[in-house]
1. Given VAL217, VAL169, VAL237, VAL223, which one is closer than 30 Å to PHE319 by Cβ and either of a type in the set (Asp, Glu) or surrounded by 18 or more Cβ atoms within 10 Å (Cβ to Cβ) (or both)?
2. Quick one: ALA277 ticks every box in (1) open to solvent by less than 30 Å² (accessible area, probe 1.4 Å); (2) under 30 Å from TYR142 (Cα atoms) except a single one, so which number is it?
3. Within region 48-62, can you find the residues that are surrounded by fewer than 18 Cβ atoms within 10 Å (Cβ to Cβ) and part of a helix (DSSP H, G or I)?
4. Do you know which of the residues in region 303-334 that are open to solvent by 100 Å² or more (accessible area, probe 1.4 Å) and more than 23 Å from VAL283 (Cβ to Cβ) is modelled with the lowest pLDDT?
5. Of the numbered conditions (1) touching a strand residue (DSSP E or B) at 6+ places or on another chain (Cβ under 8 Å); (2) modelled with pLDDT under 95; (3) closer than 30 Å to ASN329 by Cα, VAL223 satisfies every one except a single condition; which is it?
6. Quickly run through region 12-31 and pick out the residues that are open to solvent by less than 70 Å² (accessible area, probe 1.4 Å) and more than 15 Å from the chain's Cα centre (by Cα).
Amino acid sequence: MANKRDYYEVLGIERSASDEDIKKAFRKMAMKHHPDRNHEDGAAEKFKEINEAYEVLSNPEKRAAYDRFGFSAGSDAFGQGGFENFDFGGLGSIFETFFGGATQSAKRGPRRGPDMSYDIRITLEEAATGVEKEITTERLEYCSECSGTGAKAGTSLVKCTNCNGTGQVYQVQKSVFGRFTSVTPCPKCRGEGTIIGEPCAKCRGTGKEYVKRTVQVKIPAGVADGNQIRLNGYGGVGDKGASAGDVYINVSIASHADFKRDGDDVIYELEINFAQAALGTEVNVPGLSTSHKLKIPSGSQNGKYFVLKGKGIPHLNRFGSGDEMVHLNVVTPEKLSRKQKQLFEELEKSFAEDKK
């Protein structure tokens, strides 16, 4: 116990870390120190230490006990087995233990595979029409050499001699309250009933390996920046009998040279000159998929908005689309030719005469 490091220190997190912080730290550390990736001496022990820390801190009850009692909440205070075998059954099971009843920690079920995340960046046009992207992930799969058993090819798992293959160990203890029996998962085989005789050389007995896979991702029309798409079952494999994890696709949308997005509407800045604003005109306005004709009436003022209904971004998972908002920007010329200057001077005199 003296050699054990603080679990928060093992994962490199603060004691106030959230569940999500714990999960992210574990993924980062596990990827770094997994024996298949890290061949340095001590990598396997480091990986085992990381797994042990995550198993405690990811369980709210175990974490609460650890925060309160430290490592004494394990083997020192509650018998052999530590956190792996500690029974958090509540006061009822404690009383049963002291007064002669037999307590039994529930055998941990097969653990679900780890989730993964992947970032995808798309254009505004792709967000408007929907797009299919190809991504390459590196995920945990069952070892191709041993089919996930962890045992060397041609060998098989061996019955655990510590529990005689039952996966459980019994302890009879005496206290001032009487004699009681506790039943806990076997610490040697971790409740499996079998152990690896000769470990697989490829996966080093873990039963899993990292494999690169190509996946097609369908991104629906109407997706927004920051949206997340889940691919069920495309994450790492879990224990035998458990489901695989998921892949979470984080979508970001690149900025556009012509359009700004506002919800499902898009805004386009249209520049026209004084003459066009005063006399009116018809212009071609670009859209996300095709251009549109827009009639600018005479006397249009700077800052006016014109609405092209339904020409924006489709609504996600429902019918209809946003609009294209055309914002009128009447541009004042910075330089004038001699003729243009004369015309403006004549126009100014005409306005002055109208006021008389």
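1. On the way: VAL217 fails: either of a type in the set (Asp, Glu) or surrounded by 18 or more Cβ atoms within 10 Å (Cβ to Cβ) (or both); VAL169 fails: closer than 30 Å to PHE319 by Cβ; VAL237 fails: closer than 30 Å to PHE319 by Cβ.
After applying the criteria, what remains is VAL223.
2. (2)
3. Residues of region 48-62 surrounded by fewer than 18 Cβ atoms within 10 Å (Cβ to Cβ): 48, 51-52, 55, 58-61.
LYS48, ASN51, GLU52, GLU55, PRO60, GLU61, listed by residue number.
4. Initial filter on region 303-334 (open to solvent by 100 Å² or more (accessible area, probe 1.4 Å)): 305, 309, 317-319, 334.
Filter once more, so that each one left must be more than 23 Å from VAL283 (Cβ to Cβ): 317-319.
Details: ASN317: 86, ARG318: 89, PHE319: 93.
Here the residue is ASN317.
5. All conditions are met except number (2).
6. Passing the criteria: GLY12, ILE13, ALA17, MET29, ALA30.
Matching residues to (1) more than 19 Å from ARG112 (Cβ to Cβ); (2) touching a Leu at 6+ places or on another chain (Cβ under 9 Å); (3) modelled with pLDDT of 90 or more:
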position: ALA2; (1), (2), (3): yes, no, no
position: ARG15; (1), (2), (3): yes, no, no
position: ILE22; (1), (2), (3): no, yes, yes
position: PHE26; (1), (2), (3): no, yes, no
position: LYS32; (1), (2), (3): yes, no, no
position: LYS46; (1), (2), (3): yes, no, no
position: GLU49; (1), (2), (3): yes, no, no
position: PRO60; (1), (2), (3): no, no, no
position: ALA64; (1), (2), (3): yes, no, no
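The values are calculated or read from the model by the stated rules, or taken from the named source; none is laboratory data. Everything quoted here is computed from the prediction, not taken from an experiment. Cβ: placed from backbone, ideal geometry, glycine included. Neighbour counts: every protein chain shown. Ligands, DNA and RNA are stripped out before the accessible areas are found, and what is left, the full protein with its side chains, is counted by its heavy atoms. Shrake-Rupley method; radii C 1.70, N 1.55, O 1.52, S 1.80 Å.
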